[in-house]
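Below is one structure, written out as structure tokens; the observations come after it.
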Amino acid sequence: MKPTFKLTALSAALASAPGFAQAQAEEAELAALTRPQSEVSVGLGYWSKDRPRLGTYDGMSQKGPYGLLDALINTRDDRTGTWFILDGRNLGLDTRELRMDWLRQGNMGVFLEYSRTPRDEPYTVFTGVQGIGTTTQRVPSPSATSLGELHLGTMREGLGAGFTKVLGGGYDFRVSFKSEDKTGDRLWGRGGAAEFVTEPINSNTRQMEAVLGYSDKKFQINGGYYGSWYTNHNALVDTALTTGASPFFLSLPLDNQAHQLYANGGYSLTDATRATFKVAYTRATQNEDIPVGAVPVFSGAPTSLDGRVDTTLLQAGLTQRTSSTFSWLASLRHYESDEKTPQVRVVQTGATCGTCVDTTPMSYKTLTGKLEGTYRMMQGVSLLGGLEYSKQDRTVPVGNFNAAGVDLQRFVPFRSELDETTLRLEARRSLSETLNGRIALSHSKRDGSDYTLTNEPKGDQINPIHIADRDRNKIKLMLDWTPVQPLTLTFNVEHAKDEYGTSDARPFGLTEGTASLFSIDAAYAINEKWQLSAWYTRDQTEAKQLGQRSATDGAGEAIKSANLEDVGDTFGIGLRGQLMPKLKAGLDILYSKNVNKYPEDISLIGPGTVLPASGGVTTSPLPNITNKLTRVNLHANYALQKNAEVRIDYIYEQWKTDDWSWMFADGSPFTYGVTTDGTQVQQAPKQSANFLGARYIYRF
Amino acid sequence: MRVLLLVLGLLSATAWGQDPAPQDRVLNGDAKCTRCHDENDSYPVLAIGATKHGTRADPRTPSCTSCHGASEAHMSHKGGSGAGPRPKPEIGFGKHAKTPIDTRTKACLTCHQGSSRVEWQMSAHARTDVTCSSCHLVHAPRDPVRDRVAQSDTCFTCHKEQRVQVNRPVHHPIPEGKMSCSSCHDVHGGNPKQLTRDSTTETCYTCHMEKRGPFVHSHPPVQEDCSICHQPHGTTIASLLKSRAPFLCQECHSDTSHRSQAGALPSGRTTSSGLTGTVARGCMNCHTNIHGSNSKENSATSGRFRR
């Protein structure tokens, strides 16, 4: 316990004695080091320009001044071990959050928290659509000639609370609750054609988790309940042209909820052997009345879905260190998502099934087994070998068959069984003072049952990416090298290659994918006062995709071969040091360049043009897209006194892009509709801004 | 009286000049360590007093030797010529410490095996020789990895690809400090990809519950795994998509008519579905409810996520 003094005549006498002042100073210094510290930071910052892309989430997307206010009140009563923590961050910004913790350590604790997460849409919309932000929106017809500027975005605003209690005898209890409102609007589409509307968002989510835990030296277990509820205050968006024509009613997510009971635990059979398990059962339901607009509805369609998905998890594992040189691990996991939503008809346009759409409840279960062994050789060198087998059973019981037994509602061929086997080999070296590292190789092979065919022969010619036959090979190399004491270098090299199985009957889809990464990090202690760090990463992915194109819009039937590529070069530099006894300074630089390439060869196998055209509008191949980010941050802290300082931040950032997503082929803004709408969505191709901020920081 | 006080003061000063028996400073039983180790040492240790470990009113809190071992050889070393270097403490946690990984981890799990760490031994981190001190700074007053804003720097020490991805123009608000790696990943757990929940979709639903459905018209990959289409760590494409439309959609769809169109930009305004699969929202210009639709409109269109 920290000694305390009363200012009595005796202590006054002691205080006057030689050496006491020094002892008191040492006491104060020790207290500053060993007791929780509070900190308040108050300041002002200014962004010189709007920064819609880089300010998407930080609450500072607009040019102007911002309040910089953070506060951490962190106290502990040493006698009782009671903590009180009040942590407020970004209190002057739209991203503000506040959390209060009260904890009697070893006994009980409570917390309350509040947070806001804005997302300012980085695009600016120029539109004449009426009713944005509401559930009734009208698209101009004819096209609007006067467009209003619109900035979309969403805000998440959450409140949370929690309670923990150590019950004694190894038991403890934890409960937490969080409610979050999400409001705003996001880019959407009207569904009938490429016309603009927004999705009005006004929803709430709630999550509650309660866990009873037990822990002793050998056995630990948690048993809990996790519930989550989603409530959407909007259900349907009524859209039409301003003339009243083309009414489309767009559905929105409906209220849903899920309840989970779970238990997980572990038992240490010996010092070297541990068994673990996990079981969980979840029931998710959605049974809200399905809203309907002024549109025809099939008489047999349900008024509510009675949607239900039951999920079961069973997992067990055993790990053992058999000797000082060998350890192994085995695990088995069964995960089943069983959708019990009734299979009912929702759409039927004729007396019999001319055009029909049924609900398509999908279920799947995955069984995964894993076995790994690690042999520890001399001098910190280990060898690891592993085998993993995964088997998945999948069902979509669609009964919408034609006379030939073909599923009329299926657009993508389906596999009811998938199997994947993975082999891993790894060598590691650790515990060395100069050179540590690892090299890991893995090979996996995925295949499955025959495909259930679709109603479209051409649709059957594809190998869907997530269920296609696939051979995957990976290699990872990591080296951590300390050639001299103040310098550490870390190298990472990774390469992965996927080869997808094709056949004459099913030649299309992704045929090959590769991903590679090279990274080097360096940390160098220049002297006792200055440290330098730097890193560079090059990452590259490629996807080769083969497809067919049917003759449409004047374009001839063709075989398409795309070689999509994404190359990134990123580096960072960090410098920290002490310029003067009272002045510390730092520099951070981040530069990132990313190039996306979209070359696609089109080999005609029928009459027509290479690319389509319609109504006098032609099309052009896709240029590359380059994104560049530069951010430079200079900061300095000047100590006014031992527990107070001033911090100055200067940031320069620039983001450049030639992203054509919202452009016509000539670079002009894409415009929705032809005779209707007229909405444009734009972003500045170059966004640069400077930030200057000053804070006063006080610690106590 | 003043004379008496002066004498007391002098006596006290004399006592101060002596070398008293070392006393505990921040942890119970730390005196034998803190007589040598303090903040001026090459291994500054006292700041642990400001942490939960240093809350001595809680009888569960450790002494130095609880974690570092009794280390008798380290403490009894007399030094002097010919004595050789002082042996290290029995259990070291530094980057270049010789202590086996299992031993380091066990030092923490002796107290912390419960709660979210019951499955630690089965976790991907444990299997790749990551130990608690690989990420946690136990002596720091505020452990960076437990701070949402600072946490990712620790993770990026190993996860280089993700360090690059979060700096792409489209990302979750990780650099902004509104999310951290542990918002989605339970780094101590045994779930696939060390996710906080039992599957990718269940993890995503914690924030994106509107995607859970079940929907009247379901899009099967959505129910199965969000990461079939999305790269959650960051991309250059809106909505964290892995690839752009129409290429992304054509990884599964190879049908006739406009669905098989090549990637291309139109020269001007058009509503032809055969020309608008790439520009703007691509296929989602019309298939706007791509995660699932609850429309009951008696039209095949409603089953194609257009209503």
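Considering all alpha-carbon pairs of the stretch A:497-548, what whole percent are spaced by more than 17 angstrom?
Value for the stretch A:497-548: 60 percent of Cα pairs lie more than 17 Å apart.
Please give the average number of partner chain Cβ atoms lying within 10 Å of the Cβ of each residue in A:592-599, rounded to a whole number.
Mean partner shielding for this stretch: 3.
On full extension of the chain, what length is gained from A:Met377 through A:Tyr281, given 0.36 nm per residue of separation minus the C-alpha to C-alpha distance?
Extra length from A:Met377 to A:Tyr281 when fully extended: 30.3 nm.
Note down the magnitude of the dipole of chain B about its Cα centre, charges +1 on Lys and Arg C-beta and -1 on Asp and Glu C-beta and zero elsewhere, to the nearest 20 debye.
Computed about the Cα centre, the dipole is about 580 debye.
Just the projected area, averaged over all directions, of the convex hull on the alpha carbon atoms of chain B: how many nm²?
28.0
Below 21 Å, Cα to Cα, which lysines can B:Lys160 reach? Residues fewer than 8 away in the same chain don't count.
Qualifying lysines at Cα under 21 Å: A:Lys474, A:Lys476, A:Lys497, A:Lys593, A:Lys628, B:Lys95, B:Lys178, B:Lys193, B:Lys242.
Tilt of helix B:2-17 relative to the longest C-alpha principal axis of chain B, in degrees (0 to 90, nearest 10)?
The angle comes out near 70 degrees.
Magnitude of the Cβ-charge dipole of the protein assembly as shown, K/R +1 and D/E -1, about the Cα centre, nearest 20 debye?
About 2220 debye.
Work out the charge dipole of the stretch A:426-565 with +1 on the Cβ of Lys and Arg and -1 on the Cβ of Asp and Glu about the Cα centre, then indicate which of A:Ala525, A:Ser444, A:Ala562 is farthest towards its positive end.
It is A:Ala525.
For the stretch A:350-487, just say rounded, prolate or oblate: build the C-alpha gyration tensor, square-root its eigenvalues into a ≥ b ≥ c, call rounded for a/c under 1.5, and beyond that prolate if a/b exceeds b/c, oblate if not.
Because a/c hits 1.5 or more and a/b exceeds b/c, the stretch A:350-487 counts as prolate.
Given A:Gly88, A:Ser61, A:Met108, which one lies farthest toward the positive end of the charge dipole of the stretch A:42-109, if we put +1 on the Cβ of every Lys and Arg and -1 on the Cβ of every Asp and Glu?
Value: A:Ser61.
For a paramagnetic label modelled at 7 Å from the Cα of B:Ser239 toward its Cβ, which residues of the stretch A:556-576 fall within the zone defined by backbone nitrogen distances under 16 Å?
Residues passing the 16 Å test: none.
Please give the helix B:101-112 orientation as an angle from the longest Cα principal axis of chain B, in degrees from 0 to 90, rounded to the nearest 10.
90
Within 10 Å of each Cβ of A:185-193, how many other protein chain Cβ atoms are there on average?
6
With charges only on Cβ, +1 for K and R and -1 for D and E, what is the dipole size of the stretch A:163-298 about its Cα centre, in debye, rounded to 20?
Roughly 700 debye, rounded to the nearest 20.
Taking the inverse of the average 1/r across all pairs of different Cα atoms in the stretch B:10-159, what Kirkwood radius in Å do you get?
By the Kirkwood definition, the hydrodynamic radius is 17.6 Å.
At 0.36 nm per residue, minus the direct Cα-Cα distance, what do A:Ile132 and A:Thr243 gain on full extension? Give it in nm, one decimal, please.
So the extension gain works out to 38.3 nm.
With θ set to phi - 60° and the Karplus curve 6.51 cos²θ - 1.76 cosθ + 1.60, what are the ³J(HN,Hα) couplings of the stretch A:494-511 in order, to the nearest whole Hz, using x for Gly and Pro?
So the Karplus estimates, Gly and Pro as x, are 9, 8, 9, 9, 10, 10, 9, x, 10, 8, 4, 6, 9, x, 9, x, 6, 9 Hz.
Given the stretch A:217-314, report the % of alpha carbon pairs whose separation exceeds 22 Å.
The answer is 56 percent, as a whole percent.
At a Förster radius of 30 Å, what calculated FRET efficiency corresponds to the Cβ-Cβ distance of A:Thr124 and A:Thr630, to the nearest 0.05?
0.85
Starting from the 7 Å offset along Cα-to-Cβ, what nm value, one decimal, do you get for the label separation of A:Lys217 and A:Lys529?
Each label point is offset 7 Å from its Cα along the Cβ direction, giving 5.3 nm.
Given R₀ = 60 Å, FRET efficiency for A:Asn563-A:Phe326 by Cβ-Cβ distance, to 0.05?
Using R0 = 60 Å, I get an efficiency of 0.85.
Taking every Cα atom in the protein assembly as shown, find the radius of gyration and the maximum pairwise distance Dmax, and write them in Å.
31.7, 118
Mind pulling the angle between the C-alpha long axis of helix A:20-34 and the longest principal axis of chain A? Nearest 10 degrees, somewhere in 0 to 90.
10
Given the options A:Leu305, A:Ala240, A:Thr675, identify the residue whose Cα lies farthest towards the positive end of the charge dipole of the protein assembly as shown (+1 on Cβ of Lys, Arg; -1 on Cβ of Asp, Glu).
A:Leu305
List the GluC sites (Glu not before Pro) within the stretch A:127-206 that DSSP assigns to loop and that have no more than 11 neighbouring Cβ atoms inside 10 Å.
For GluC sites (Glu not before Pro) across the stretch A:127-206 that sit outside H, G, I, E and B with at most 11 neighbouring Cβ atoms in 10 Å, the list is empty.
Just subtract the alpha-carbon distance of A:Asp393 and A:Asp450 from 0.36 nm times their residue separation and send over the number in nm, one decimal.
19.3 nm
What nm distance separates the two modelled labels at A:Ala161 and A:Trp102, each placed 7 Å from Cα along Cα→Cβ?
1.2
Within a 10 angstrom radius of each residue's Cβ in B:55-62, how many Cβ atoms of other chains show up on average? Whole number is fine.
Per residue, the number of nearby Cβ atoms from other chains is 6 on average.
Values quoted throughout were computed directly from the atomic coordinates according to the rules given, and no laboratory measurement underlies them. The structure presented is a predicted model; accordingly, all values stated were derived computationally and were not measured. All Cβ positions, even for glycine, are placed from backbone atoms using ideal geometry, and neighbour counts span all protein chains on display.
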